[in-house]
1. Just to compare against my own numbers: the Cα pair-distance distribution for the range 89-247, 5 Å bins, whole % per bin, please.
2. Once fully extended, how much extra length lies between residue 230 and residue 19, figured as 0.36 nm per residue of separation less the alpha-carbon to alpha-carbon distance?
3. Can you give me the distance in nm between label points at residue 103 and residue 152, each placed 7 Å from the Cα along the Cα-to-Cβ direction?
4. Decide, for the range 157-247, between rounded, prolate and oblate: order the square roots of the alpha carbon gyration tensor eigenvalues as a ≥ b ≥ c, take rounded if a/c falls under 1.5, and otherwise choose prolate if a/b is larger than b/c, else oblate.
5. Residue by residue through the range 120-125, which ³J(HN,Hα) values in whole Hz follow from phi under the Karplus form 6.51 cos²θ - 1.76 cosθ + 1.60 (θ = phi - 60°), with glycine and proline marked x?
6. Any idea of residue 209's accessible area? Nearest 10 Å², probe 1.4 Å.
7. At 1.4 Å probe size, with the rest of the protein present, what percent of the exposed accessible area of the chain is carbon and sulfur atoms?
8. If you count only protein heavy atoms with a 1.4 Å probe, what accessible area per residue comes out for the range 88-230, rounded to a whole Å²?
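The values are calculated or read from the model by the stated rules, or taken from the named source; none is laboratory data. This structure is a prediction, so every number in the text was calculated from the model and none was measured. Neighbour counts are summed over all protein chains in view; Cβ atoms, including those assigned to glycine, are modelled from backbone coordinates with ideal geometry. Areas reflect the complete protein model, heavy atoms only, side chains present, ligands, DNA and RNA absent. Shrake-Rupley method; radii C 1.70, N 1.55, O 1.52, S 1.80 Å.
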Amino acid sequence: HRLLQGSSSSAIAGGIRFRGSVRRCEIYAQRHHYRVFAVQYGGECFTGPNAYRTYRRYGRAHNCRHGKGGGWANDVYLTRGWRHWHHHYNWRRRLRTYRSHYLHWRHVAYIQRRRLHGYNVRYLRAHRSQVHYSKLTKVYVRTANANARAADAMSKKHAYYLKRYKATRGSCQRTLHKLAAAAHRQAARQRVYYARYRASRRKAYISRKRYYAARRAFRVRAAQRKRAYARYNRYVHLSNAWAKRYN
């Protein structure tokens, strides 16, 4: 045991528990799971949950007698069996900490899993938009190319009939009128196909812009989904780690 000098501010908080023997004070400390207890002035019992930290505050005293302290001086004792219940108490505290961490990370993983569902929905929507506009762009491009080929063919026919018209203009007025009418019809059909070509080209341009926008959105959603999966896996890993320590 140690002999420690006291003062008006006690080294062991809580005041005098009672007056009695050393054994009675030890029993009181054991019942409350206190690590140390002290006896002062012939039988005044001092103990508390933080007594093992504070009893050295005023140094060693030299006026203790018969193991029961002295005036403003304590005989300090270790409580028998404190190591067993102290270990049990620390283990229960760690168990509560592990369970708290496990529940926290399990809750975080659950929230992240719900967020991940939203990321998956937006990712799939962006992917469908990208595929749709990609197909639509291909259709409009094919239509524009077909109309361009038709316009080229009509242009060649118009040039052919115009050439025949000029060749026969002086020889046959009737044939001239027929060829002129045919040339006008071909020119009108050419204008129609050219107008269709320009409209298809505009549609193809708009669809291409929408396709690029959908592809950018798809890439953004894919990156968000990837990060969300990474956070979810990390939270699940932490949850499993704490669950393993808890179990």
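1. Pairs per bin, as whole percents: 2, 9, 10, 9, 7, 7, 7, 6, 6, 5, 5, 4, 4, 4, 3, 3, 2, 2, 2, 1, 1, 1, 0, 0, 0.
2. Values: separation 211, 0.36 × 211 = 75.96 nm, distance 6.40 nm.
Difference between extended and current length: 69.6 nm.
3. The two pseudo-label positions are separated by 7.6 nm.
4. Prolate, since a/c reaches 1.5 and a/b exceeds b/c.
5. Ordered by residue, 3J(HN,Hα) equals 5, 4, 5, 5, 5, 5 Hz.
6. Taking all protein chains as shown, residue 209 has close to 110 Å².
7. So the carbon and sulfur contribution to the accessible surface is 52 percent.
8. Counting only protein heavy atoms, the per-residue value for the range 88-230 is 74 Å².
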